[in-house]
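Here the structure comes first, spelled out in structure tokens, and everything after it is commentary.
The values are calculated or read from the model by the stated rules, or taken from the named source; none is laboratory data. Please read these numbers as outputs of a predicted model, since none were measured by experiment. Methodologically, a virtual Cβ is constructed for each residue, glycine included, from the backbone with ideal geometry; neighbour enumeration extends over all protein chains shown. The area values use the complete protein model at the heavy-atom level, side chains included, leaving out ligands, DNA and RNA. Shrake-Rupley method; radii C 1.70, N 1.55, O 1.52, S 1.80 Å.
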Amino acid sequence: QVQLVESGGGLVQPGGSLRLSCAASGSAFSIASMGWYRQAPGKQRDAVATITAGGGTGYADSVKGRFTISWNNTKNTVYLQMNSLKPEDTAVYYCRAWTAYGNYWGQGTQVTVSS
């Protein structure tokens, strides 16, 4: 079992920045990759960024050049640095972890971009 706890969401003005954190506990040693997803009201949950244990990353086209995912293995924590935020980035952001035994989700953290 892996437990994921997100933090760092909040209200930010357009053009601002936020850094989300996702702390993993439990069988964190078994995590092969992690990712951030987001879900806006009335829309499906979509992938934003992913990172493998080896450091390989992937990004949705809508966030390339603005968001950066990173993983601190010693802290079992993955981060999402979000810059140049836009109103359309408003959503609940979820952390996801993949292991050989299945995948796990955090509870989500709200990000609101508004003036």
Tell me which of these ILE51 doesn't satisfy, since it passes every other one: (1) more than 22 Å from GLN1 (Cβ to Cβ); (2) aliphatic (A, V, I, L, M); (3) in contact with a Phe, Trp or Tyr (Cβ under 8 Å, 6 or more places away or on another chain). (1)
With criteria (1) within 18 Å of LEU18 (Cβ to Cβ); (2) touching a residue at least 24 places away in the same chain (Cβ under 8 Å); (3) open to solvent by 50 Å² or more (accessible area, probe 1.4 Å); (4) among the basic types (Lys, Arg), LYS64 comes up short on (2)
If you take the residues in the stretch 81-104 that are among the hydroxyl-bearing types (Ser, Thr, Tyr) and at negative phi, which one is most open to solvent (accessible area, probe 1.4 Å)? TYR101
Checked pairs for the stretch 101-115, first farther than 25 Å from SER17 by Cβ and in contact (Cβ under 8 Å) with a residue 24 or more places away in the chain, second open to solvent by 20 Å² or more (accessible area, probe 1.4 Å) and part of a strand (DSSP E or B), C-beta under 8 Å and 6 or more apart or across chains, list as TYR104/GLN3; TYR104/ARG96
Counting residues that are among the hydrophobic types (A, V, I, L, M, F, W, C), which strands (runs of 3 or more DSSP E) fully inside the stretch 16-107 reach at least 3? 18-26, 31-39, 46-52, 67-72, 77-82, 91-99
Restricting attention to the stretch 14-55, which residues are surrounded by fewer than 14 Cβ atoms within 10 Å (Cβ to Cβ) and of a type in the set (S, T, N, Q)? SER17, SER25, GLN44
